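Working notes for the structure below.
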There are 2 protein chains.
Amino acid sequence: MYVVKSFESMKIAQISPLCESVPPKAYGGTERVVSYLTEELVRQGHEVTLFASKDSQTKAQLVSTVEQSLRLKEGVLDTVAHHIVQMQEVIERMHEFDILHFHTDYIHFPVTSNTSIPHVTTLHGRLDIPDLQYIYNKFKNQPVISISDAQRKPLPHAEWAGTVYHGLPLNLYTKGDGDGDYVVFLGRISPEKAPDKAIEIAQRAGIPIKIAAKIDKADYEYYSQKIKPLFKLPHVEYLGEIGENEKEQLLQKAKALLFPINWPEPFGMVLAEAMACGTPTIAFPNGSVPELVEEGKTGLIVHDTASAASALKNIDALDRDLIRNTFEKRFSVQVMADNYLYIYDNIINKKGKSIELPVNGQLSIGAKRTIASEGYLHINGTRG
Amino acid sequence: MYVVKSFESMKIAQISPLCESVPPKAYGGTERVVSYLTEELVRQGHEVTLFASKDSQTKAQLVSTVEQSLRLKEGVLDTVAHHIVQMQEVIERMHEFDILHFHTDYIHFPVTSNTSIPHVTTLHGRLDIPDLQYIYNKFKNQPVISISDAQRKPLPHAEWAGTVYHGLPLNLYTKGDGDGDYVVFLGRISPEKAPDKAIEIAQRAGIPIKIAAKIDKADYEYYSQKIKPLFKLPHVEYLGEIGENEKEQLLQKAKALLFPINWPEPFGMVLAEAMACGTPTIAFPNGSVPELVEEGKTGLIVHDTASAASALKNIDALDRDLIRNTFEKRFSVQVMADNYLYIYDNIINKKGKSIELPVNGQLSIGAKRTIASEGYLHINGTRG
């Protein structure tokens, strides 16, 4: 494992979106990460309060302003209203906490920019939406955390406090042997995720492909026009949407995960999931991929389907034990929680000494610190 | 005309939604009212600052955080972001004003509920959305203004500061003679507005109907399945979407406006427009109708299409001069602006004396005052 700095117990508020419960009943990337982080912080002895819908499950203190997560609740027409109400609940209690950790985009900025309570926001989504430029031009001093360095690209002038990669519980998945003689595509059926490219790569390599993916309403036209016909190809097996157990087995036996991503993916949880199973990834170098996939170690990065098919021939050379070890070092909940604690500690102490932010306008707490000299992990330390 | 209390010059911020310019280029109910109010307040000598998109036209000081109204601006994916940015601009300048008048729903409540600057919000939309219950349970002390008493029904416990009906410039439309031998339907082609009922009423009465209405994308299926076939009936003429001049002529010559409204319409600007042209209305008693349409004076209120057809036979008995006069007394911009000034004055003075709100939790400023004793109009004085 690794050396961790131990922090004194902190009073931490985790503020989750309300679209899904924490953890989500089914899909829900952000709420899943909030859950992992919250439970790990509780396990480490911190006093954690989780602001989330009442159908959430947690060992933290749960504060709910709505009885059910919004996607499942009947008659919901205005989701913003519920997030505003939750924000007000946080404001009314904010003096109870050492740090407020928001996962709710920018909606709280008008309030947090006018308070001296230490706070930080993890940005879970894509940031290449032009409207966000207006937000980050207006709110220059709101500390935000990216989930990959690549995610920051459209907003270089935001007040970046660090990058913290998502982490998974160590025991969520175990290593498999990759002896299934197939490759796998996991995710949504959407143009950004490019399942058609994955099918093409498998075809070129002469390997069967198993596809486990949900089809959102928004993507149904794309699915029925572009992808459904491909599902009839003899080397393709479509499994629909699958559960956690099936996902583990699917990844454990796969020769490789295909990730021919076609947009600036801010993180890509499936990359960490594959690593947890010891499974290498063949990926296109968009978004977070060059940070998450280590070339020749945890996967191979390629630029087109032909190179991907060639790469598949060499994939067995990658060491599945090393891949699993890399997962444990870089993408465990413990690493994630420690990185967040490190940022909390820095923000609390900076605020304590002085409310002024650095002249350069970029907090980038800890970016210049090293693991060795401090005795604990750098923010996403394995890059250090 | 009527006696008006003259208020000392106030420094007023009008905060508009950003979806349309102020006034809107085409459709846009809220922004149109904000424009009428702003220009009238300027005319009366107040120092008005209008927060709105930069393509707005005003004699007030214009403060814009976005260069173009959002409906026309390319690449807009997140309209909430722009309203949050504008709110922050308001916050940064709020000490420049005697009163902040928001037209932006509830989005500013987390900030205004934590400030002592006098403020008030006009609610322009439907309030029967369940999510809003959570907002008004949480934010009990935010003074809000309804655009009809009926609009308040789903939210009886909100902090109602008064009802102010929308007003039109006196010279926008002039009285017509209603000699066109047709009835008219104006609005959107949607189930709530019930154009099918209007067509049925005209058919039963044996009178031609002219329909001027836009068709939103959201209503296209309803239009093509339910309404398009009716447009082929011999007594129906569909004019599409029309401009201000055409609208005036259409209303001036119409025997009556048909308003078989099928939802709790919070105001219904076309009711005031018809009155401005001296044209009576035959309406179903939903939403604001019983307040806006005075039975036997400015229109006839009926409960079904058969009664509506019968009512049409007696419609010529209504006095078009009296209808126009009633418009001038109740629905002019001057009346609207005076009512708002009265509320501003009360809020500013209450706040000045004490920040505490009444024990009952309902501000209802001025509701108990009378016109005669105060020498100026009651809130929507003609009801007094």
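Values quoted throughout were computed directly from the atomic coordinates according to the rules given, and no laboratory measurement underlies them. Here the structure is a predicted model, which is why all the values come from computation and not from measurement. Glycine also receives a Cβ, built like all others from the backbone with ideal geometry; neighbour counts cover every protein chain displayed.
If you take all C-alpha pairs in chain B, what percent of them are over 37 Å apart?
Value for chain B (Cα pairs over 37 Å): 22 percent.
How much FRET efficiency would the formula 1/(1 + (r/R0)^6) give for A:Arg204 and B:Gln225, where r is the Cβ-Cβ distance and R0 is 45 Å, rounded to 0.05?
0.40
Short version: ³J(HN,Hα) in whole Hz for each residue of segment B:197-207, in order, from phi by Karplus 6.51 cos²θ - 1.76 cosθ + 1.60 (θ = phi - 60°), x for Gly and Pro, what are they?
These are the phi-based 3J(HN,Hα) values: 5, 4, 5, 5, 4, 4, 5, 4, 8, x, 10 Hz.
For segment B:13-28, what does the Karplus curve 6.51 cos²θ - 1.76 cosθ + 1.60, with θ = phi - 60°, yield as ³J(HN,Hα) per residue in whole Hz, taken in order and with x for Gly and Pro?
Karplus-based 3J(HN,Hα) across segment B:13-28 equals 9, 9, 10, 9, x, 10, 5, 10, 6, 10, x, x, 5, 10, 6, x Hz.
Counting other C-beta atoms within 10 Å, and keeping those with at most 13, which DSSP coil GluC sites (Glu not before Pro) do you find in segment B:1-73?
Here the GluC sites (Glu not before Pro) that fit, given the DSSP loop and packing criteria, are B:Glu8, B:Glu67.
If we count other beta carbons within 10 Å of each Cβ, what is the order of B:Val183, B:Val236, fewest first?
B:Val236, B:Val183
Which whole-number percent gives the relative contact order of chain A, counting Cα pairs below 8 Å spaced six or more residues apart?
17
Evaluate the relative contact order of segment A:183-329 (contact order divided by residue number), counting alpha-carbon pairs under 8 angstrom at least 6 apart; express in whole percent.
Once divided by the residue count of segment A:183-329, the mean separation gives 24 percent.
Taking a label point 7 Å out from Cα toward Cβ, give me the nm distances from A:Gly243 to the same spot in the other copies, shortest first, one decimal.
Result, one decimal in nm: 6.5.
What's the average, rounded to a whole number, of partner chain beta-carbon atoms within 10 Å of each residue's beta-carbon in B:82-93?
Mean number of neighbouring Cβ atoms from other chains: 4.
Mind scanning A:Lys25/A:Lys297; B:Lys210/B:Lys247; A:Lys25/A:Lys54 and naming the pairs with a C-alpha gap bigger than 22 Å?
Pairs exceeding 22 Å: A:Lys25/A:Lys297.
Distances from B:Asp304 to the same position in the other copies: list them in nm, one decimal, shortest first, using label points 7 Å from Cα along Cα→Cβ.
Counterpart label points of B:Asp304 in the remaining copies fall at 7.3 nm.
Can you give me the distance in nm between label points at B:Arg126 and B:Asn325, each placed 7 Å from the Cα along the Cα-to-Cβ direction?
Placing both labels 7 Å along Cα→Cβ, they lie 3.8 nm apart.
Is the shape of segment A:165-301 rounded, prolate or oblate, going by the alpha carbon gyration tensor and its root eigenvalues a ≥ b ≥ c, with a/c under 1.5 for rounded and a/b larger than b/c for prolate?
It is rounded, given that a/c, with a ≥ b ≥ c, falls under 1.5.
Students often forget the sequence filter, so: which aspartates and glutamates lie under 17 Å Cα-Cα from B:Lys313 once same-chain residues fewer than 8 apart are removed?
List returned: B:Asp177, B:Asp179, B:Asp181, B:Glu200, B:Glu295, B:Asp304.
Peptide A:132-139: average number of partner chain Cβ atoms within 10 Å per residue?
The shielding value for this peptide is 5.
Hey, got the average number of other protein chain Cβ atoms within 10 angstrom for residues in A:103-116?
For this peptide, the per-residue mean of nearby foreign Cβ atoms is 3.
If we sort B:284-290, A:101-107 on the protection proxy, mean other Cβ atoms within 10 Å, highest first, what's the order?
So the order, starting with the most tightly packed, is A:101-107, B:284-290.
For chain B, set up a Gaussian network in which alpha carbons nearer than 10 Å are linked by springs, and say which option among B:Ile135, B:Ile117, B:Ile189 fluctuates the most.
B:Ile135
Scan segment A:178-253 for chymotrypsin sites (Phe, Trp or Tyr not before Pro) in coil per DSSP, keeping those whose Cβ has at most 12 other Cβ atoms within 10 Å, and list them by number.
Of the chymotrypsin sites (Phe, Trp or Tyr not before Pro), not one in the loops of segment A:178-253 has a Cβ with at most 12 other Cβ atoms within 10 Å.
Once fully extended, how much extra length lies between A:Gln133 and A:Thr174, figured as 0.36 nm per residue of separation less the alpha-carbon to alpha-carbon distance?
Taking A:Gln133 through A:Thr174 to full extension adds about 10.6 nm, to one decimal.
Give the distance, in whole Å, between the Cα centre of segment B:17-52 and the Cα centre of segment A:54-82.
Measuring centre to centre over Cα atoms gives 37 Å.
Each residue of segment A:324-332 in turn: what ³J(HN,Hα) in whole Hz from Karplus with 6.51, -1.76, 1.60 and θ = phi - 60°, glycine and Pro shown as x?
Going residue by residue, I get 4, 4, 5, 3, 5, 6, 10, 10, 8 Hz, with x marking Gly and Pro.
Quick one: label points 7 angstrom along Cα→Cβ at A:Lys329, distances to the other copies in nm, smallest first?
With the label placed 7 Å along Cα→Cβ, A:Lys329 yields 8.6 nm.
Cut-off 10 angstrom, C-alpha nodes, Gaussian network model of chain A. Which of A:Leu186, A:Leu155, A:Leu257 fluctuates the most?
Sorting by GNM fluctuation, first place goes to A:Leu155.
Have a look at A:Arg324, A:Arg32, A:Arg93 and tell me which one the Gaussian network model of chain A (Cα, springs below 10 Å) gives the largest fluctuation.
A:Arg93
Taking amide hydrogens as modeled 1.01 Å from N in the peptide plane, which residues meet the under 5 Å criterion relative to B:Ala161, leaving out close sequence neighbours?
Residues meeting the criterion, in which the H sits 1.01 Å from N, are B:Val144, B:Ile145, B:Ser146, B:Ser364.
Extent of the protein assembly as shown along each principal axis, from alpha carbon coordinates, in Å, largest to smallest?
94, 64, 39
Express the relative contact order of segment A:55-159 as a whole percentage, based on alpha carbon pairs under 8 Å and six or more residues apart in sequence.
19
Please list, ordered by chain and number, the residues whose modelled amide H lies under 5 Å from the amide H of A:Leu62; skip anything fewer than 5 residues away on the same chain.
A:Leu50
Using label points projected 7 Å from each Cα along Cα→Cβ, tell me how many nm separate B:Asn262 and A:Thr79, to one decimal.
Using points 7 Å along Cα→Cβ, the separation is 3.0 nm.
Would you mind checking which residues have amide H under 5 Å from B:Thr281's amide H? H placed 1.01 Å from N; only 5 or more apart, or other chain.
Residues meeting the criterion, in which the H sits 1.01 Å from N, are B:Leu257, B:Gly299, B:Leu300.
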